[in-house]
Amino acid sequence: MLRLNLMPWRERQRLAALRRLRLMVVGAAVVALSAVLLIDQLARQRARQQAAANNSQQAAIDVLEVHRGEHDRIWQSYEQVRAQTAALADLRAGQGRVTAVFADLERALPEGVQLL
C-alpha cells in the first residue's frame, strides 16, 4: 500500500487560508477607512453648507433689523405728530369755549357797557 504524506499539502492549504484571511482583514480595514473618510467628508460638507445658510440668514436678519429701525423711527415720528394733533385739537376746542364765554358775557351785559 502506498502511503502519502499529506502534511506539506495541508501546511500549504493552511498558509493559503491564512493569507486569504490577512487579505480579507486588510481589505475590510481599507473599506472601513474609506467609509469613515467618506462620512467625514460628507459631514464637513454639510457643516460648510449649514454655515453658509446661517450666514445668509444672518445677513437677511441684519437687513430686516435696519428696516425695523427705520420703521421704529417712522413710528415715533407718527406718534409725535398724533400727540401734536391731539394738542392742537384740545387748543381748538378750548378756543371755542373762551369765545363762547365772552359772547355770552356780551349778551348778558346791557347795551353800552364796555369791558376793559
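The values are calculated or read from the model by the stated rules, or taken from the named source; none is laboratory data. Note that the coordinates shown come from a computational prediction; the quantities given were computed from them, not determined experimentally. So basically every Cβ, Gly included, is an ideal-geometry build from the backbone, and we count neighbours across all protein chains shown.
Below, the figures for the structure above:
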read-out: Filter pass, R82 being exposed (fewer than 10 other Cβ atoms within 10 Å of the Cβ) and assigned to a helix (DSSP H, G or I); value: no
read-out: Residue selected from segment 77-116 under the condition modelled with pLDDT of 80 or more and basic (K, R), by the criterion nearest to the chain's Cα centre (by Cα); value: R82
